[in-house]
């Protein structure tokens with residue numbers, strides 16, 4: 001086993017343990033796929049396909065369960081953007097997103113002047129956890145360019 005590969009597995013194991021999750025073989029394999037390329041947005045279907053391509057024997061149901069466990073433990077952020085399709089974000093900080101409709105792709109909005117004003121007062125006993133802004137984008141039609 002290559003030293004850098006061992007380091008990646010240790011990082012996945014530590015990440016899972018720090019989140020209070022038992023580092024099973026499947027969780028570690030999925031964590032390596034999720035976090036191995038830096039911050040990213042992905043769907044359960046995309047992660048399942050990546051796992052299949054590298055020979056990780058995992059069902060789509062297990063991928064969904066694992067992603068939801070990671071979300072509940074705070075190491076992933078869930079983004080409900082496109083109807084029935086859910087995306088998961090490795091960057092759990094408060095930030096906003098662009099959704100590129102033509103590509104079904106989510107990208108972070110760079111830090112900058114996004115302001116949310118006049119939020120309603122939450123009901124008694126509740127507090128606002130965060131506010132998600134999704135700006136939907138699509139390519140301009142040829143006639144609109146220019």
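Read-outs: derived from the displayed coordinates by stated rules, not from any lab. Fair warning: this is a prediction, and the values are worked out from it, not measured in the lab.
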Task: Extension gain (nm, one decimal) between residue 131 and residue 108, 0.36 nm per residue minus Cα-Cα - done: 6.9 nm
TODO: Measure nothing but the geometry: give the 0 to 90° angle between the long axis through the Cα atoms of 44-53 and the longest principal axis through the Cα atoms of the chain, rounded to 10°.
DONE: 40 degrees
TODO: Take the Cα atoms of the stretch 3-144, find their three principal axes, and give me the spread along each one in whole Å, biggest first.
DONE: 50, 48, 29
TODO: Above 23 angstrom, tally the Cα pairs of the stretch 62-146 and express them as a % of all pairs, no decimals.
DONE: 39 percent
- [ ] Report the extension gain between residue 139 and residue 37 in nm, rounded to one decimal, defined as 0.36 nm multiplied by the number of residues separating them, less their alpha carbon distance.
- [x] 34.0 nm
TODO: Given the options 104, 118, 65, state which has the largest fluctuation in a GNM of the chain using a 10 Å cut-off (strictly under) for Cα springs.
DONE: 118
